[in-house]
Amino acid sequence: MLSRYTNKLLCRLCPRAILNCRGFTSATIETDSVEKDPAPFFFNKEVQEYLKMLTTVDYNKVFRSRKDGHKLKPSQYKFMTDEELQEATKMAQRRAKRNLQMPPVVKQRSDPIRILCEDAGLQNHCTAKYVFTDITYGLKDRERFIVIREPNGTLRHANWEERERILQTFLPKPGKELRKPKMFEGEYLKDLLNRNEFEFILDRACVQFEPDDPDYQAVTREVYEHINAERRFDMLRSTRHFGPMVFHLVWTNNIDNLLCDMIENCQIEHAALLIRLYHMIHPTTKSAVEQCKHTDDVEFIMHYVRLDSPRKDKLEKLLQAYKELQREQQTVAEGIKQAHGISSETESVNINQ
């Protein structure tokens, strides 16, 4: 086992870029690069707040039974004072916040060949590869030094696939398999998608892969796009995966289906919030540059629809239907007030008194 001192010394002699998914806090966004890094934007404090508001918190859904292999615990009923009830409520809110912690969205990692040295004297000395792994207790997986000596004498850093397999062999993580499970491949994944097992797939992917793993990003992308095509957004709402899905749709300029769903369900405030998030990520779009003069959410949404939406006709019809519904509800409310002998003048008098 390599000592900590040796590990640090080798790291200095052979520097390598280690991606830390939690280290992106910059609010500056590169909007002109071909391959943009979503991490600086995703971890922006304001974006995180928008995504949390769009996720919403349904406690029945957050604390429901899950398919995670754990044994179900029987329900407990307690008599509580008001103070104890308030404390239990705060504890439940903290648990819900922890359960809704979103998986990070980062740029896909690269996997270059990093050679340390080539020793011709060791060529053909052995037909097998030799793996040297630092198994020092307490180190983070990304900080562990893992090198491989090839049969031709080349000493190089292990690639990502080799690192994952070696780390899982020496330091296994609960629930993670040594090889990629079949459920993430081809027909197996399609079968799970057709059965609407979206949350199960995404939870399992978080256990099996790292956020910058190409396999993780391919699986999550396929799940998000399937949900968007089938408009099954409620399946992920009030889960930790709803925020990353919204971010993916905004990042890929594909928010119209979600916008239609929000308008149909009379979630106008959320629809306006989604468009504001879209403007933050894409500040050069027409509706972002030409700011809306109205403060009303419906007019703000219509402003985006007229200038940027690829589904303009559909969204305009939905907004028109929403306006008519609001007018009808207002007419009914006024009729009920008149039937009870309540007028707007009477209400104003009562307010003044």
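When N is the residue count of the stretch 45-112, what does its C-alpha Rg come to as a fraction of 2.2 N^0.38 Å?
Details: Rg = 17.2 Å, N = 68, 2.2 N^0.38 = 10.9 Å.
Working it through for the stretch 45-112, the quotient is 1.58.
What's the extension gain from LYS180 to LYS317 if we count 0.36 nm per residue and subtract their Cα-Cα distance? Write out the running numbers ahead of the final one.
Working: separation 137, 0.36 × 137 = 49.32 nm, distance 4.56 nm.
Result: 44.8 nm gained on full extension.
Radius of gyration and Dmax for the stretch 199-261's Cα atoms, expressed in Å?
11.3, 34
Charges on Cβ only, +1 for Lys and Arg, -1 for Asp and Glu, centred on the Cα centroid of the chain; of ASN159, GLY186, VAL223, which one is farthest towards the dipole's positive end?
Selected residue: ASN159.
Pick from GLY175, GLY69, GLY243: which is most flexible by mean-square fluctuation in a GNM of the chain where alpha carbon atoms under 10 Å apart are linked?
Maximum among the listed residues: GLY69.
Let me spell out the model: positive unit charges on the Cβ of Lys and Arg, negative unit charges on the Cβ of Asp and Glu, origin at the Cα centre of the chain. What dipole size does that give, in debye rounded to 20?
Details: 55 positive and 53 negative charges, 315 e Å.
Using Cβ point charges on Lys, Arg, Asp and Glu, the chain gives about 1520 debye.
Please state, rounded to one decimal and in Å, the Kirkwood hydrodynamic radius that the stretch 195-306 gives when every pair of distinct Cα atoms enters the mean of 1/r. Don't skip to the answer; put the middle values down first.
Working: mean 1/r = 0.0664 Å⁻¹.
One decimal place: 15.1 Å for the Kirkwood radius.
Using protein chains only and a probe of 1.4 angstrom, how many square angstrom of ARG327 are accessible, to the nearest 10?
Only protein atoms counted, so the area is about 120 Å².
On average over all directions, what projected area in square nanometres does the stretch 115-158 have, based on the convex hull of its Cα atoms? Numbers along the way, then the final one.
On the way: hull surface 13.0 nm².
Convex hull of Cα atoms, orientation-averaged projection: 3.2 nm².
Using a Gaussian network for the chain with springs between C-alpha atoms less than 10 Å apart, which of these wobbles most: LYS73, LYS140, LYS90?
Answer for the Gaussian network model of the chain: LYS73.
Expressed as an acute angle from 0 to 90° and rounded to the nearest 10, what is the orientation of the C-alpha long axis of helix 4-13 relative to the principal long axis of the chain?
90 degrees
So what is the 222 nm mean residue ellipticity for the chain from helices alone, if each DSSP H run of at least 4 adds -39500 (n - 2.57) and you divide by all residues, rounding to the nearest 500 deg cm²/dmol? Don't skip to the answer; put the middle values down first.
Numbers: 16 runs with 180 residues, N = 353.
Value at 222 nm, helices only, nearest 500: -15500 deg cm²/dmol.
Within the stretch 148-300, count lysine pairs with alpha carbon atoms under 23 angstrom apart where the residues are 8 or more positions apart or belong to different chains.
On the way: LYS173/LYS182; LYS176/LYS190; LYS180/LYS190; LYS182/LYS190.
Count of close lysine pairs: 4.
Return the carbon/sulfur percentage of the accessible area of the chain, one whole number, probe 1.4 Å, all protein chains in place. Provide the component values of the computation, followed by the final result.
Values: 11410 of 22450 Å².
In the chain, the share of accessible area belonging to carbon and sulfur is 51 percent.
Please give the length that would be gained between LYS73 and CYS266 if that part of the chain were fully extended, namely 0.36 nm times their separation in residues minus their C-alpha to C-alpha distance (nm, one decimal). Each step should come with its number before you reach the end.
On the way: separation 193, 0.36 × 193 = 69.48 nm, distance 3.70 nm.
Value of the extension gain: 65.8 nm.
Could you size up the charge dipole of the stretch 115-158 around its Cα centre, putting +1 on the beta carbon of Lys and Arg and -1 on that of Asp and Glu, and report it in debye to the nearest 20?
Values: 6 positive and 6 negative charges, 27 e Å.
In debye, rounded to 20, the stretch 115-158 gives about 140.
Could you work out the pair-distance distribution P(r) of the chain from its alpha-carbon pairs, with 20 angstrom bin width and percents rounded to whole numbers?
Per 20 Å bin, starting at 0, the Cα pair percentages come out as 21, 45, 26, 6, 1, 0.
Tell me the per residue accessible area of the chain using a 1.4 Å probe; a whole number in Å² is fine.
Values: 22450 Å² over 353 residues.
Accessible area per residue: 64 Å².
Pairs of alpha-carbon atoms within less than 8 angstrom and 6+ residues apart define the contacts here; what relative contact order does the chain have, in percent?
Averaging sequence separation for qualifying contacts and normalising by length gives 17 percent for the chain.
How would HIS70, HIS270 rank on accessible area, largest to smallest, probe 1.4 Å? Don't skip to the end; give the middle numbers.
Details: HIS70 135, HIS270 45 Å².
The most accessible residue leads, giving HIS70, HIS270.
Pick from LYS323, LYS97, LYS78: which residue has the top mean-square fluctuation in a GNM of the chain where Cα pairs under 10 Å get a spring?
LYS78
Please work out whether the stretch 145-192 counts as rounded, prolate or oblate from its C-alpha gyration tensor, where a ≥ b ≥ c are the square roots of the eigenvalues and a/c under 1.5 means rounded, while otherwise a/b larger than b/c means prolate and anything else oblate?
Working: a/c = 4.48, a/b = 2.04, b/c = 2.20.
It comes out oblate by the Cα gyration axes.
The values are calculated or read from the model by the stated rules, or taken from the named source; none is laboratory data. A quick note: this is a predicted structure, and the numbers were derived from the prediction, not measured. In this analysis, Cβ positions are derived from the backbone assuming ideal geometry, glycine residues included, and neighbour counts consider all displayed protein chains. These accessible areas exclude ligands, DNA and RNA; they are computed on the full protein's heavy atoms, side chains included. Shrake-Rupley method; radii C 1.70, N 1.55, O 1.52, S 1.80 Å.
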